[in-house]
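Read the figures in this text as sums done on the coordinates, not as results from a lab. Not measured: the values here are computed from a predicted model. Virtual Cβ from ideal backbone geometry, glycine too; neighbours counted across all protein chains shown.
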């Protein structure tokens, strides 16, 4: 049996705590858990009207009480005080980020904070209506694919609460996340890569262009280029763990053009990073647009286009799709097949130019 009790403090507030009793506990002793949640009244009497300022806190108090009640009823060895659970959604996401960084989760958390401001969103507040309004907010502020990415991340981390036994149901079981829109990926032809290589930027950090070209020859993401060190060069290969999937080891052979870029870069006097002077991704993408225009490339250039370029050029010149999957570090072949479709589409366009009889 679990009851909510209230202790009056000198400040006039009431500190809520749980009075937990289990017949299976040794000597029938009670356990007390102070929640560190404070309200303006003693709500021991269920008839007491809850004031507006206490409503959110009372939701949390009752949610914790219900969870502890379940723990007590179904415990085989008596009550075991559970670890502390923070029922604040944003705090939970922040804790997940602290345990293991995830770029999409950080962006999602920032969007939640922007949308809800100072309002606290608790686990039990997350229902179909909340998801629908938040998804609409995302669609009004970011692209459809970005909204899809954030909502899928929301679903992934929220459903972990089911696995942990904190929640029993998830609104995502019935909620439909906005679908990912098909967007044409920016890729460069080999002629355009050569044009960029021959172009001398009139502004910006020279390592930006070299890093982009290096990615065109290796397929590395910006996050991996930024952390790339000389220690990861093993013979004629790069052997590294991608920042995005650190459990996987990827091996990429170094072609002569990639080796030449490494050799041309000045070494840092202290650290072993190859590209040690790169600015933020946003700054890099801004300069790449200028570099592209300067080289006569009429495309929306951004750093990830180099990875797309590596995949499409590689497949065009005969690298089989399964080898490309390993070079890109993809976990599923379906991810690599996207590039195969791009190559097939370009081949069909070229074949359309075939002269008629």
Worksheet item: How many nm is it between the label spots at residue 94 and residue 326, if each spot is 7 Å from the Cα in line with the beta carbon?
Response: 4.5
Worksheet item: Once both axes come from the Cα atoms, what is the angle between helix 55-74 and the longest principal axis of the chain, in degrees from 0 to 90, rounded to 10?
Response: 80
Discussion item. Between helix 333-351 and the chain, what is the angle of the helix's C-alpha long axis to the longest principal axis, kept within 0 to 90° and rounded to the nearest 10?
Written reply: 30
Worksheet entry | GNM top mover of 47, 202, 119 - the chain, alpha-carbon springs below 10 Å | 47
Discussion item. Full-extension gain between residue 1 and residue 45, please, as 0.36 nm times their residue separation minus the C-alpha to C-alpha distance.
Written reply: 14.2 nm
Worksheet entry | Efficiency of FRET from Cβ geometry, residue 124 and residue 32, R₀ 22 Å, rounded to 0.05 | 0.40
Worksheet item: What do you get for Rg/Rh of region 182-331 when both radii come from the Cα atoms and Rh is the Kirkwood radius?
Response: 0.94
Fill in: Modelled FRET efficiency - R0 45 Å, residue 10 with residue 182, Cβ distances, 0.05 increments
0.10
Worksheet item: Can you give me the relative contact order of region 255-357 as a percent, contacts being Cα pairs under 8 Å and 6 or more apart?
Response: 14
Worksheet item: Once the Cβ-Cβ distance between residue 256 and residue 223 is put in as r, and R0 is 25 Å, what FRET efficiency do you end up with, to the nearest 0.05?
Response: 0.50
Worksheet item: Which residues in region 156-184 place their backbone N less than 18 Å from a point set 7 Å from the Cα of residue 337 along the Cα-to-Cβ direction?
Response: 180-183
Fill in: Relative contact order (%) - region 190-351, alpha-carbon pairs under 8 angstrom, separation at least six
27
Worksheet item: Of the labelled options [x] 27.9, 98; [y] 19.4, 57; [z] 21.1, 69, which one gives Rg and Dmax of the Cα atoms in Å as computed for this structure?
Response: [x]
Practice prompt. Arrange 169, 90, 121 by Cβ neighbour counts within 10 Å, fewest through most, would you?
Written response: 169, 90, 121
Item to complete: At 7 Å along the Cα-to-beta-carbon direction for both residue 104 and residue 283, put a label point, then send me their distance in nm to one decimal.
Response: 2.8
Practice prompt. Quickly rank 304-315, 100-111, 6-17 as a protection proxy: mean count of other C-beta atoms within 10 Å, highest first.
Written response: 304-315, 100-111, 6-17
Worksheet, complete the sentence: If one compares the long axis through the Cα atoms of helix 304-316 with the longest principal axis of the Cα atoms of the chain, the angle in degrees, nearest 10, works out at 50
Worksheet item: Can you give the three extents of the C-alpha atoms in region 89-173 along their principal axes, from longest to shortest, in whole Å?
Response: 34, 28, 26
Worksheet item: Which order, highest average first, do 320-328, 286-294 follow once you tally other Cβ atoms within 10 Å for each residue and take the mean per peptide?
Response: 286-294, 320-328
Practice prompt. Calculate, in nm to one decimal, what residue 231 and residue 299 gain on full extension: separation in residues at 0.36 nm each, minus their alpha carbon distance.
Written response: 21.0 nm
Item to complete: Run the numbers on the chain and let me know its relative contact order in percent, using alpha-carbon pairs under 8 Å that are six or more apart.
Response: 11
